[in-house]
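So the structure is just underneath, and the comments pick up after that.
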């Protein structure tokens, strides 16, 4: 790996390991439930929304890199369920969101594939403008800036939400011992 990938990949792999640990003990029937400790519903992202939302971004990273195969990471209709600005809804009947296995199987392997791709990118690729426009271009001028945020800052922010959801659901911390 070249220098920039070496600065991103180890932290991204560690984050992916945390993503997997955060799922330990989560029951599929509770995956899309809002936490309600003591009977008080907390209007905050639940596990289905967190992992579903994150599943949207491997495609965006590959699109930003100009990869024609980026669509392999996309799921039809998921942007309407999990896109930025979408409401996270309680799903006690399991009729709003895809199943836990469908969401996690879309999310985690996609990040693994993207991380593998990033390992092979030359430093020069990270310094060039990316292929996404709009707000992405305004906030992240280069592929490196976008990739760094999408694989590190964005995921870890949502894994913090997941850690909080776990605790509110009575599952406790995965960082013990």
> Going by the structure shown, is residue 25 assigned to a loop (DSSP other than H, G, I, E, B) and closer than 26 Å to residue 152 by Cβ?
Replying inline: yes
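Hey, does region 122-130 have a residue that's within 19 Å of the chain's Cα centre (by Cα) and assigned to a helix (DSSP H, G or I)?
The answer is no; no qualifying residue exists.
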>> Being surrounded by fewer than 11 Cβ atoms within 10 Å (Cβ to Cβ) and under 20 Å from residue 133 (Cβ atoms) is the filter here; which residues of region 83-100 pass it?
In response: 84, 85
> Looking at region 8-22, which of its residues are touching a residue at least 60 places away in the same chain (Cβ under 8 Å) and either surrounded by fewer than 15 Cβ atoms within 10 Å (Cβ to Cβ) or part of a helix (DSSP H, G or I) (or both)?
Replying inline: 8, 9, 11, 12, 13, 15, 16, 18, 19, 20, 21
>> Kindly evaluate residue 116 against the criterion of being over 15 Å from the mean Cα position of the chain (by Cα), at pLDDT 95 or above and assigned to a helix (DSSP H, G or I).
In response: yes
> Are any residues in region 133-169 modelled with pLDDT under 95 and touching a helix residue (DSSP H, G or I) at 6+ places or on another chain (Cβ under 8 Å), and if so, which ones?
Replying inline: 136
> residue 74 passes all but one of (1) surrounded by 15 or more Cβ atoms within 10 Å (Cβ to Cβ); (2) under 22 Å from residue 47 (Cβ atoms); (3) modelled with pLDDT of 95 or more; which number fails?
Replying inline: (3)
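So, residue 157, is that one under 20 Å from the mean Cα position of the chain (by Cα), without any contact (Cβ under 8 Å) to a residue 12 or more places away in the chain and farther than 19 Å from residue 2 by Cβ or not? Write out each step before concluding.
Details: under 20 Å from the mean Cα position of the chain (by Cα): yes; without any contact (Cβ under 8 Å) to a residue 12 or more places away in the chain: yes; farther than 19 Å from residue 2 by Cβ: yes.
Taking the combined requirement at face value, the residue satisfies it.
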>> Exactly one of these conditions fails for residue 173: (1) assigned to a loop (DSSP other than H, G, I, E, B); (2) surrounded by fewer than 16 Cβ atoms within 10 Å (Cβ to Cβ); (3) touching a residue at least 40 places away in the same chain (Cβ under 8 Å). Give me its number.
In response: (3)
> Could you list, in sequence order, the residues of region 28-51 that are over 17 Å from residue 152 (Cα atoms), at pLDDT 95 or above and in a helix (DSSP H, G or I)?
Replying inline: 28, 29, 30, 47, 48, 49
> Only one residue in 80, 69 is surrounded by fewer than 15 Cβ atoms within 10 Å (Cβ to Cβ), in a helix (DSSP H, G or I) and at pLDDT 95 or above, so which one is that?
Replying inline: 80
> For region 61-85, how many residues meet the condition of being touching a helix residue (DSSP H, G or I) at 6+ places or on another chain (Cβ under 7 Å) and either touching a residue at least 24 places away in the same chain (Cβ under 8 Å) or closer than 20 Å to residue 168 by Cα (or both)?
Replying inline: 10
>> If I filter region 160-167 for residues that are surrounded by 19 or more Cβ atoms within 10 Å (Cβ to Cβ), touching a residue at least 24 places away in the same chain (Cβ under 8 Å), within 17 Å of residue 21 (Cβ to Cβ) and more than 16 Å from the chain's Cα centre (by Cα), do I get at least one hit?
In response: yes
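The values are calculated or read from the model by the stated rules, or taken from the named source; none is laboratory data. The shown structure was predicted, so the numbers you read here are calculated from the model rather than taken from an experiment. Because the Cβ atoms are built from the backbone with ideal geometry, glycine has one as well, and the counts that use them run over all protein chains shown.
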